[in-house]
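Novice: Structure incoming, see below.
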Amino acid sequence: MNKKIVAFLDKTFYPEMESGWDDKIFRQEILNFIGPDKVILDIGAGRGRILEMNFKDLGKKVYGVDPTNEIFENPLIDKAYVGVGDSMPFFENDYFDVVFCDNVLEHVENPEAFYKEVSRVLKKNGIFLAKTPNKYHYMPLIASFTPTSFHRFYNKLRGRDFSDTFPTFYRANSRKAYEKHAAASGLELLPLKYCSGRPEYLRIFFLTYLLGILYEKTINLLRLDSLKVVIISKMSK
């Protein structure tokens, strides 16, 4: 019964929206800066499960960094490195035209070091793009007060692999944080893009889904962009 009601709500309120809607939006943002002569870096590339982040045939070369060896299974990149975004000594200064990360910033424990390292590897006039949950949306607020074990349990209910759930810090997920770290790392913060859509985290139960729909429709009606679920940030060097 629950699945039938969820399906009905999907069809009624989000008839043209699919899972991964935010990744599709983010892909379009990245495509604005991709070209055949661009050298690209995907921070937190993982095993390549998010197909919207496939730019392999659109750039000159695509590199990937991830803290696990799953990076070597990633078919969306040309060269893989094990590491984290705040320490990438295997890359030269001023090397990349485009650096991006998808749902990574919420896991960054030391954002000051992260942004300085991104700035170091970016070429002059290079661009850094990031998609992350908005710190002031209810989902990150709840996540901030619950342990990683609960996140893994809840994501398992959603059908997400246990190994794809990592500790969160939410230290680089707001306009104030972006302004601070951009200034400290020599980057220029470009206009932010706030996005809202189908409340994926609440779709496992129809009652929570209804609450999520009400929230999403209300903030859109009142144009409360700062409370939307996703922020896409862009910074240039």
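The values are calculated or read from the model by the stated rules, or taken from the named source; none is laboratory data. Since the structure is predicted, the reported quantities are computational estimates derived from the model, not experimental observations. Please note: Cβ atoms are built from the backbone with ideal geometry, for glycine as well, and neighbour counts cover all protein chains shown. SASA here: full protein model, heavy atoms, side chains in, ligands and nucleic acids out. Shrake-Rupley method; radii C 1.70, N 1.55, O 1.52, S 1.80 Å.
Novice: Are any residues in the range 117-136 open to solvent by 10 Å² or more (accessible area, probe 1.4 Å) and either under 13 Å from the mean Cα position of the chain (by Cα) or closer than 9 Å to Val229 by Cα (or both), and if so, which ones?
Specialist: Pro133, Lys135, Tyr136
Novice: Sticking with this structure for a sec: Open to solvent by 30 Å² or more (accessible area, probe 1.4 Å), among the aliphatic types (A, V, I, L, M) and under 19 Å from Gly85 (Cβ atoms), is that true of Ile30?
Specialist: It is false that Ile30 is open to solvent by 30 Å² or more (accessible area, probe 1.4 Å), among the aliphatic types (A, V, I, L, M) and under 19 Å from Gly85 (Cβ atoms).
Novice: Could you tell me which of the residues Phe90, Phe72 is surrounded by fewer than 19 Cβ atoms within 10 Å (Cβ to Cβ) and within 23 Å of Gly186 (Cα to Cα)?
Specialist: Phe90
Residue-by-condition table, conditions (1) at pLDDT below 95; (2) under 18 Å from the mean Cα position of the chain (by Cα); (3) buried (at least 18 other Cβ atoms within 10 Å of the Cβ); (4) among the aromatic types (Phe, Trp, Tyr):
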{"residue": "Leu157", "(1), (2), (3), (4)": "yes, no, no, no"}
{"residue": "Tyr178", "(1), (2), (3), (4)": "no, yes, yes, yes"}
{"residue": "His181", "(1), (2), (3), (4)": "no, yes, yes, no"}
{"residue": "Ala184", "(1), (2), (3), (4)": "no, no, no, no"}
{"residue": "Leu192", "(1), (2), (3), (4)": "no, yes, no, no"}
{"residue": "Thr208", "(1), (2), (3), (4)": "yes, no, no, no"}
{"residue": "Glu216", "(1), (2), (3), (4)": "no, no, yes, no"}
{"residue": "Lys228", "(1), (2), (3), (4)": "no, yes, yes, no"}
{"residue": "Ile232", "(1), (2), (3), (4)": "no, yes, yes, no"}
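Novice: Let me ask you something else. Inside the range 49-76, can you point out the residues that are closer than 17 Å to Phe33 by Cα and not in a loop (DSSP other than H, G, I, E, B)?
Specialist: Glu52, Met53, Lys61, Val62, Tyr63
Novice: Which one is surrounded by the most Cβ atoms within 10 Å (Cβ to Cβ), of the residues in the range 93-116 that are more than 17 Å from Lys61 (Cα to Cα) and of a type in the set (A, V, I, L, M, F, W, C)?
Specialist: Per the criteria, the residue is Leu105.
Novice: Quick one: would you say Lys38 is modelled with pLDDT under 95 and either of a type in the set (Ser, Thr, Tyr) or more than 15 Å from Ala130 (Cα to Cα) (or both)?
Specialist: So Lys38 does not fit the description; no.
Novice: Here's a follow-up. Quick one: what pairs do we get from the range 182-201, first residue more than 30 Å from Asp94 (Cα to Cα), second of a type in the set (Asp, Glu), C-beta under 7 Å, 6+ apart or different chains?
Specialist: Cys195/Asp22; Ser196/Glu216; Gly197/Asp22; Pro199/Glu216
Novice: Among the residues of the range 57-98, write down those that are among the acidic types (Asp, Glu) and in contact with an Asp or Glu (Cβ under 7 Å, 6 or more places away or on another chain).
Specialist: Of everything in the range 57-98, just one residue is among the acidic types (Asp, Glu) and in contact with an Asp or Glu (Cβ under 7 Å, 6 or more places away or on another chain), namely Asp86.
Novice: If you don't mind, another one. Given (1) assigned to a helix (DSSP H, G or I); (2) within 28 Å of Lys228 (Cβ to Cβ), where does Ser19 come up short, assuming only one miss?
Specialist: (1)
Novice: Still on this structure, please answer the following. For residues that are open to solvent by less than 60 Å² (accessible area, probe 1.4 Å) and part of a helix (DSSP H, G or I), scanning just the range 196-206, find the one that is nearest to Phe96 (Cα to Cα).
Specialist: Glu200
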